[in-house]
1. Can you tell me which residue among Ile488, Ile516, Ile497, Ile538 is closer than 24 Å to Leu307 by Cα and of a type in the set (A, V, I, L, M, F, W, C)?
2. Scanning the range 431-440 for residues that are touching an Asp or Glu at 6+ places or on another chain (Cβ under 8 Å) and buried (at least 16 other Cβ atoms within 10 Å of the Cβ), which turns out nearest to Phe338 (Cα to Cα)?
3. Filter the range 151-174 down to residues that are touching a Phe, Trp or Tyr at 6+ places or on another chain (Cβ under 8 Å) and under 19 Å from Asn9 (Cα atoms) and give me whichever is surrounded by the fewest Cβ atoms within 10 Å (Cβ to Cβ).
4. Scan the range 575-590 and report the pairs whose first residue is assigned by TED's automatic domain parsing to the domain that holds Asp539 and whose second residue is modelled with pLDDT of 75 or more, with Cβ atoms within less than 7 Å and a gap of 6+ or a chain change.
5. Only one of these conditions is not met by Glu531: (1) surrounded by fewer than 18 Cβ atoms within 10 Å (Cβ to Cβ); (2) in contact (Cβ under 8 Å) with a residue 12 or more places away in the chain. Which number is it?
6. Which of (1) at pLDDT below 95; (2) more than 20 Å from Gln429 (Cα to Cα); (3) among the acidic types (Asp, Glu) is the odd one out, the single condition Glu466 does not satisfy?
7. Looking at Thr41, Thr4, can you tell me which residue is more than 18 Å from the chain's Cα centre (by Cα) and surrounded by fewer than 17 Cβ atoms within 10 Å (Cβ to Cβ)?
Amino acid sequence: MDRTFVLDNSRSPNAVLKTIPMKNVKISGFMGKYLGRVVNTTIPYQYEILEKTGRIDNFRRASGKIKGDFQGFFFNDSDVYKWLEAASSALINLPSNNDLKQKIDAVIREIEDAQDEDGYLNTFFTFDKKKDRWTDLANMHELYCAGHLIQAAILHKRVTGEDKLFNVARKFADHIASVFGENKKLGAPGHPEIEMALVELYRETRENKYLNLAKFFIDNRGKGYAGGTKYTADHKPFKKLEEVVGHAVRMVYLCCGATDLYMENGDEELLETLKKLWSNMTEKKMYITGGIGSRHEGEAFGEDYELPNKEAYAETCAAIASFMWNWRMFLLTANSQFLDLMEQTLYNGILPGISLDGKKYFYVNPLEADENQKRREWYDCACCPTNIIRILTQFPGYIYTVSDKGIWVNFYESSESIVDFGRKIKIVQKTEYPWSEKVEMDIHADQPEEFSLFLRIPEWVKEDFEIRVNGEKVDMKFNKGYLEIRRIWGKKDTLEIEFPMKVRLIKSHPMVKENIGKVAFKRGPIVYCFEQVDNKDIDPSKLNISHNVEAKYLENLLGGVVVLDGEGLLTEDAWKNRLYNSVGELKTSSKTVKFRLIPYFVWANREQGKMSVWLTEC
């Protein structure tokens, strides 16, 4: 049985839906292009940077193979682990790529050689720093790095069937379990991550000590072991939290771990807390892009409705954390609201984090920018570049889920898949989504089979739509945002879907002060923005947008995108050389101009210039 799961909840008692192996899904559409670029360009390119910046040398230094000082931040090991996880996922699509496999094997050897006999592994805490191990959980990220090692090792084992890295990670996990726990050292990590890794290690081994240790770290929050601050989500016990606060990635990684724990132990207090936090995040602290964490200071959530545009932080890693958390909440509930947010976040919060050539990145994702904003080839703190390739290489594992009743279609993407829920069904999707309204699916059963096919109806579908099977309309039976089609499926049944993709004008809550009098544009799941390169002589702050725009697909622009073209009014400056003016003296003039909007996720791939998502309404 293939076990290339991103998350293996096949035996999780509180999961409504089960995941399927990544290897069973071959994608070739919009996301398939991203996957191909990451596999063929980004992963090899990042490997060279990991070598050039000394991240892999840190392991060689720890094992005594080379001399010299530790290089970079104390948490740099985690970048190597995330690269390994993504590279291992890439092997699914490049099974004969000996060069990548050799690089993976070589890195694993360096990691293995750097591990202490007692199982401890962190290249920063070697030699004279050994005495400082486990002395500053709030700040030094030992458990965070361990979590990424465990996740990479599990994924590598599932893809390759090899256990060398897995044995290293398990030995380290055993060391951690020997140090921390009831009647041992008390503590909680300043940067959550290990919690979800330990739950996944429990799923892989069925050893309760790993699940118990994840629970221990979650239960020990709010006791000051992780600094006692909102920044580290240590100001209250987890079950007492009512709003998302502090460092956005840390908070949401903690929610991922707590959701994983609930999936296994069914603690209803955990679930109630998770629901409260999710509601607070989505109703009061999230950008239209799905981005979270508005403050640069502390990379943190702000107050309710504190969502500045130009000063937005909206870290790429925070969007990835939200994607991961919503996936777990969806598996618990089969509620499409979580998948809808995953889609929103993927296209508008995660994809902006990587350039179209696969070699440059955004760490921060503002919704308004001046001429100086551009992606970088790398960061000293490189959490986002290595994180985004994990999500993009593992995307095939998110397209379908299964239950006893049948198959759940979560994302629309040209693909060919074998979905096994006790019966093996082949599904071929053909679509130009997210640009096209049409999706065609061929369902192949070896012999007539009765089961349900559940289709996610995206929240942005506001108009009537049609679904046909073999040319005949189907009855509409909805449950939590999914349309259930139950029938006897044969050797080839063709399903046709058409979701109207009308352009929508979006307004934000009036408490979001920056957006008063402004609108944003969406078509399907895609958020649009003004970019200077398409609007040479227009200052977006002086543009008043009309509601009427025309959507058109331009094959040769930015890899092929749908743009929105329209007309608006460009106002002349009535405030020249004045900070204040009498109302009676305010005289403005305007002229009609043509403007173009592009998908937000592709901005900053050409020349630099101003950008804005929110624009003044006529």
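The values are calculated or read from the model by the stated rules, or taken from the named source; none is laboratory data. Small disclaimer: the values here were computed from a predicted structure and weren't measured. Backbone-built Cβ (ideal geometry, glycine too); neighbour counts: all protein chains shown.
1. One residue alone meets the criteria, Ile516.
2. Tyr433
3. Going through the qualifying residues, I end up with Lys157.
4. Trp575/Asn581; Thr588/Thr571; Thr588/Glu572; Ser589/Glu572; Ser590/Leu569; Ser590/Leu570; Ser590/Thr571; Ser590/Glu572
5. Status for Glu531: all satisfied but (1).
6. Glu466 satisfies all of (1) at pLDDT below 95; (2) more than 20 Å from Gln429 (Cα to Cα); (3) among the acidic types (Asp, Glu) except (2).
7. Values: Thr4 fails: surrounded by fewer than 17 Cβ atoms within 10 Å (Cβ to Cβ).
From the options Thr41, Thr4, the qualifying one is Thr41.
The rows are residues; the columns are (1) in a loop (DSSP other than H, G, I, E, B); (2) touching a helix residue (DSSP H, G or I) at 6+ places or on another chain (Cβ under 6 Å); (3) under 25 Å from Val613 (Cβ atoms); (4) among the hydrophobic types (A, V, I, L, M, F, W, C).
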position	(1), (2), (3), (4)
Val364	yes, no, yes, yes
Asp380	yes, no, no, no
Arg390	no, yes, no, no
Thr393	no, yes, no, no
Ile407	no, no, no, yes
Tyr412	yes, no, yes, no
Glu416	no, no, no, no
Ile427	no, no, no, yes
